[in-house]
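Structure first, commentary second.
The values are calculated or read from the model by the stated rules, or taken from the named source; none is laboratory data. The structure displayed is predicted, hence computed values, not measured ones. A quick note on method: Cβ atoms are made from the backbone with ideal geometry, for glycine too, and the neighbour counts reach across all protein chains shown.
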Amino acid sequence: MRFVAIKSEAAQAARGLHRVRDLLVRQRSQLGNCLRGLSAEFGLVTREGQAGLAILMERIDAEGGPIPEPLRSALLGLCRQWAALDAAVRELDLRIAREAQANETARRLMDVPGIGPVSAHALVAGVADATLFKSGRDFAAWLGLTPRQASSGKRQASGAISRAGDATLRRLLVLGAASLVRQTRSRPQTRPWLTGLIGRRPVKVAIVAQAAKTARIVWALMARGDTYRACPAAA
């Protein structure tokens, strides 16, 4: 029987910060999508990303645009709500970054490519005792980054990733891996292992594989107290 480590009140509070941040980010995205959708009905379209959304809100704020006045005033209210949510998210990010810098384990994790302050802080808060996992693969399986097994007798069959375990930690590792994949495609010589994987498999498969590899590195650093040492031949 495998037992789960009891989290401290400080760890629960730290995880609560990430839940609040996730909620604010979702609400901010919903407001942005609503602004884009309603503005597009009147021919007001800008490029993707927050830069494009900032341009859109400036056009909504300007008088004499294509959006009728009753709707324009309502959209301006949404713009103010978006700005308030964005400020709250930025404030939480700064707080999380400060706490990550103050934690020795989080600082070691931030040396790993693809892990920033938010991911390092979430991992320290979400993994009370990494030594409970026998190996890095067990840790990756706990995060839902390993394939499902459909084996019977001598037949070995692996399916899609299980997506079991902590969804927040899995998402952060996958996002970090996606960033590494983008960097590697522009500079293939920096990570030969990932470059070869991208050449052989679909991009999404490569992203998940890199996330699982990062999870194994994280386990080694947390369970053994090691520091990250980059290996150019297998980076």
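Quick notes
- Restricting segment 181-190 to residues that are modelled with pLDDT of 90 or more and in contact with a helix residue (DSSP H, G or I) (Cβ under 6 Å, 6 or more places away or on another chain), the residue that is nearest to Leu143 (Cα to Cα) is Val181.
- Only a single criterion out of (1) surrounded by fewer than 11 Cβ atoms within 10 Å (Cβ to Cβ); (2) free of Cβ contacts under 8 Å to residues at least 24 places away in the same chain is not satisfied by Ala40, namely (1).
- Some residue of segment 154-163 being small (Gly, Ala, Ser), surrounded by fewer than 19 Cβ atoms within 10 Å (Cβ to Cβ) and touching a Leu at 6+ places or on another chain (Cβ under 9 Å): yes
- When the test is whether a residue is out of contact with any strand residue (DSSP E or B) (no Cβ under 6 Å at 6 or more places or on another chain), in contact (Cβ under 8 Å) with a residue 40 or more places away in the chain and not aliphatic (A, V, I, L, M), Ser8 passes it.
- Within segment 192-229, restricting attention to residues that are among the charged types (D, E, K, R) and at pLDDT 90 or above, the residue that is farthest from Val124 (Cα to Cα) is Arg200.
- Taken over segment 56-65, the criterion of being in a loop (DSSP other than H, G, I, E, B) and loosely packed, with under 15 Cβ neighbours inside 10 Å is satisfied by Ala62, Glu63, Gly64.
Here's the yes/no breakdown for (1) modelled with pLDDT of 95 or more; (2) within 12 Å of the chain's Cα centre (by Cα); (3) under 27 Å from Ile96 (Cβ atoms):
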residue	(1), (2), (3)
Ala125	no, no, yes
Phe139	no, no, yes
Gly144	no, no, yes
Gly159	no, no, no
Thr168	no, yes, yes
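- Residue within segment 71-80 that is touching a Gly at 6+ places or on another chain (Cβ under 8 Å), part of a helix (DSSP H, G or I) and of a type in the set (Ser, Thr, Tyr) present: no
- Only residues that are assigned to a helix (DSSP H, G or I) and closer than 24 Å to Ala125 by Cα were counted in segment 1-55, giving 19.
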